[in-house]
Amino acid sequence: MPLSPDSCSDVTSVWITRWELIDRARRAELDPVGSRRALEEVIGRYRPAILSAIARSGLPAADVEDVCQDFIVRAFLTRTLPKADREKGRFRTFMLHTLRQFILDYRRHQAALKRGAAQTVSMEELDPAEVVAMLTERPREELAFEVDFALCLHRRVVAQLRQEYAVRRQAGVFEALEPLILDREAEPGSLPGMENVAVRQALSRLRARYGSKFLKQVSLLADEGEQPEEEMIQLLKLVLIGLRSEGSASR
């Protein structure tokens, strides 16, 4: 991924750590507005360097942007920024150390996917007839408990995706497509500044990311010997039941 002159300028700008800016970004409880503005500036300042480092790591070019986004949300904001210490060295050194570990974890995860340890579940497997059957075959109290559990996982994944898209400045795209994630027959409408083909591709990517993240949540909770993919399908059916129930109640 060649860098433009502007990008090169952005990358070299991180050579000197602006600790006062980083400190302001970490003061969310004392100054929420100032902290948010400082955080946006910190991310804007370091993002080109992160992109450049990921591009040089040898990952496929198509993955660079997504890995950068995941790193910012899942590592930069939760580990790098809170734990950096000016007495222990430069911020960029600690950031790159965290990034190298993140890329290593990403490679391991991708290798697991290729071995079939965790396949993304297709929305085609969500048979509406089976969802309806669950409503009549399961005890209502038991079903209600499991629906609440599934909805908790669903909302956790949606919140993660919402944050990722917001950092990427695609919050509008996410809000428009989020209701369609689990509706396999839904056709997205037009979105400002995007051709219909691009909108469909954006929905496909969102569904894939949702499936991957939901499966990860299920894998963390699965008992020994359970198949996370099978459990995920059952949970997604419960999510559909819960969402439909909420939709009916709101009308």
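The values are calculated or read from the model by the stated rules, or taken from the named source; none is laboratory data. The structure displayed is predicted, hence computed values, not measured ones. FYI the Cβ positions are ideal-geometry reconstructions off the backbone, even for glycines, and counts take in every protein chain you see.
What is the residue count in segment 143-164 for residues that are hydrophobic (A, V, I, L, M, F, W, C) and free of Cβ contacts under 8 Å to residues at least 60 places away in the same chain?
Keep residues of segment 143-164 that are hydrophobic (A, V, I, L, M, F, W, C), which gives 143-145, 147, 149-153, 157-159, 161.
Cutting the leftovers down to free of Cβ contacts under 8 Å to residues at least 60 places away in the same chain gives us 144-145, 152, 158-159, 161.
Total meeting the criteria: 6.
Restricted to segment 1-55, and to residues that are more than 13 Å from ARG92 (Cβ to Cβ) and polar (S, T, N, Q), which residue is modelled with the highest pLDDT?
This residue is SER35.
Out of the residues in segment 152-191 meeting the condition of being assigned to a loop (DSSP other than H, G, I, E, B) and under 27 Å from ARG36 (Cα atoms), tell me which one is nearest to the chain's Cα centre (by Cα).
ARG168
Among the numbered criteria (1) surrounded by fewer than 19 Cβ atoms within 10 Å (Cβ to Cβ); (2) within 19 Å of GLN163 (Cα to Cα), which single criterion is violated by ARG86?
The one condition ARG86 does not meet is (2).
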